[in-house]
Amino acid sequence: MNRDTDIIIVGAGPVGLTLAHLLGMRGIDVILVEARDELIDYPRGVGIDDEALRTMQSIKMIDQVLPHTVPDQPVRIINGKGRVIARMAPTTREFGYPRRNGFTQPDVDRELLAGLARYSNVKVWFGHEGVDVTQDADKVVVTVQDADGKRTELTGLYVVGTDGGRSYIRGALGVDFPGETLPSHGLVIDVANDPLGTPHAVFGGDPKRGYASIALPHGLRRWEFMLKDGETDEMADTDAFVNDLLAEHVPDPTSLQVIRRRVYTLNARVASDFRNRRIIIAGDASHLMPVNAGQGWNSGMRDALNLGWKLAAVVQGTCDDSLLDTYTTERRDHVRAMVDLSVNMGKLTTSRSVWKTTLRDAASAVMDVVPPLKQWVSGMGFKPLPKYEKGVVVHTPLPTSKSVVTRGRESMAGRLFPQPKVTTADAHDILFDDVVGSEWRIVAWNNDPAKLIANKTREQVDHLGARLMEVVPQIQLSWAIDNVSPGVTAVGDHTGVFQTWFDNSPFSVYIVRPDHVIAAECLAQDLDNVLRQVFQKVRLTPVPQYAMA
């Protein structure tokens, strides 16, 4: 089949840009089309989490992104009387980065766009709007139109719509977008030369008017105000209205350097399906959520990371096309959980009911004096981490060996694998993903995984592109380096994080996907059998047989 590219991405927002990176780095040909002439610069997301930063690490953009963040940004929720009713200040580094960070999305989006110049196989077409999509058994055809009305047909294997909440591609997909548009509107105001200068974020749960005040990098400050009934978009666009809102927050609102302001609508929607054969959607095209939990941008990153490796594996012939069905299976339920979290946080901070806010304040007073509850809130324990029950996941039964302690231990399959710092033959104190790369990995504690699998299984492991890793206590690293099998990398656990992880687990080997999700866990002796189950789940194609010379 003659085609222009492998993958067509419609929409150069953060999800489309990140997906182009994930495909480009794997050698997949991509054309990314965007209707606008340049990236969006109006107010966007202001919170980036540890999972999203790990994604930036995966595409080797972390050094470009971090300068546009406020690490470990604490959040204080206060009531109408100015009393702090909840604090969020997580300190975990479970996945290698702070759990909560402020950031400036326009800056990060520009970095992502600039980074695509590294790939000769990725092309970006601004000023081209998708106007028609058709598909058949072999291809998808996307018709794009430029500002002069000239139409061009692009042929590829798949199209991914990352074209926002009003997605044209979602319409072509032919799926429902159930949910609700909430009655409240909000006004976002971004100012330069931060008049407050404090490093934290404040969410005001005032029944008179909910608001947020967030410190951003580069001397920026974000305010968000909930609009009341009768306050129109036209009113919110006037200087007098904005100055009146800010009068309680700064000494002189008339002297502020307002750089962006925008009225937004709150939506809570999830598409009924994310794929129809060769047409796929991701990010806001597949789900919309209120801004309250700051998870819209981050959920889009999870979509891209989940979809990127699967698309590449199918295009390269490593896995069967049916692997792409697991994208909806895995992402949809987690997105629903994030939408629910966002809606509930909005109810917590923006309720206009006096009696509801009184109950909320009373409950917060109880939590403040119960250490486990206080720590749970501060550490953002309420944030649902990905946990895939179905899809490319094998749930192995707990060991029956009397030598293994299993009490109180949940299955970790379908959850994220941690990322501590480790030592290698060439580097000290390096993040684990920087050692193993962004592909499949088989991680064994104090065991050479190559010695645990049959030769035929090893051929399939290599076909999948998996890395074999042996993790040992730091004191054993030199010996392990000298004795591991060819193709196995030994790493030293100098922080003790991995030893604690494996010590709390009844299993000694983890099979981890490119999106850092644990596909399976097992004892060392069961590795060969469990790998074969994983190969079935990932729809691994037969290992190519090459004729002998």
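The values are calculated or read from the model by the stated rules, or taken from the named source; none is laboratory data. What you see is a predicted model, and the numbers here were worked out from it, not measured in a lab. For neighbour counting, all protein chains shown are included, and Cβ atoms are generated from backbone atoms with ideal geometry for every residue, glycine included. Note: accessible area is taken over every heavy atom of the protein model, side chains too, but ligands, DNA and RNA are not part of it. Shrake-Rupley method; radii C 1.70, N 1.55, O 1.52, S 1.80 Å.
Quick notes on this structure:
- Charge dipole (Cα centre; +1 on Lys/Arg Cβ, -1 on Asp/Glu Cβ; no other charges) of region 420-549 amounts to roughly 500 debye.
- Taking the DSSP bridge list for the chain and keeping only pairs wholly inside it, about 65 percent are antiparallel.
- For S120, the solvent-accessible surface computed with a 1.4 Å probe is close to 110 Å², ligands and nucleic acids excluded.
- Calculated from backbone phi, Karplus (6.51, -1.76, 1.60) coupling profile of region 127-134 in Hz, x at Gly/Pro: x, 10, 9, x, 10, 7, 9, 10
- Charged neighbours of Y97, selected by a Cβ distance under 12 Å, balance to -1 (K, R count +1; D, E count -1).
- With N the number of residues in region 1-155, Rg(Cα) / (2.2 N^0.38 Å) evaluates to 1.29.
- With all protein chains modelled, accessible area of T69 [1.4 Å, Å²]: 20
- Formal net charge of residues neighbouring A147 (Cβ-Cβ distance under 13 Å; K, R +1; D, E -1): -3
- Placing +1 on each Lys and Arg Cβ and -1 on each Asp and Glu Cβ, with no other charges, gives the chain a dipole about its Cα centre of roughly 1440 debye.
- Most positive-pole-ward Cα, V394, V314, I169, against dipole of the chain from beta carbon charges: V394
- Within the accessible surface of the chain, defined with a 1.4 Å probe on protein heavy atoms only, the carbon and sulfur portion equals 50 percent.
- The long axis of helix 527-537 is offset from the longest Cα principal axis of the chain by roughly 50 degrees.
- Helix-only [θ]222 nm of the chain, DSSP H runs n ≥ 4, -39500 (n - 2.57) each, per residue, nearest 500: -8500 deg cm²/dmol
- When nucleic acids and ligands are ignored and a 1.4 Å probe is applied, I453 ends up with an accessible area of around 20 Å².
- Projecting the Cα atoms of V484, L540, V471 onto the dipole axis of region 470-549, where Lys and Arg carry +1 and Asp and Glu carry -1 at the beta carbon, places L540 farthest toward the positive end.
- Its Cα centre serving as origin, region 122-201 has a Cβ charge dipole (Lys and Arg +1, Asp and Glu -1) of approximately 100 debye.
- List L452, L154, ordered by accessible area with a 1.4 Å probe, largest first: L452, L154
- Think of a 1.4 Å ball rolled over the protein heavy atoms: region 389-486 then has 52 Å² of accessible area per residue.
- Net charge contributed by nearby residues that have their C-beta within less than 9 Å of V270 (K/R +1, D/E -1): +3
- Crossing angle, helix 325-350 versus the chain [Cα axis fit, 0-90 degrees, rounded to tens]: 30
- Taking the C-alpha atoms only, the angle from helix 296-315 to the longest principal axis of the chain is near 30 degrees.
- Pairs of Cα atoms nearer than 8 Å and 6+ residues apart set the relative contact order; for the chain it is 15 percent.
- Gyration tensor (Cα) of the chain, equivalent ellipsoid semi-axes in angstrom: 41, 31, 20
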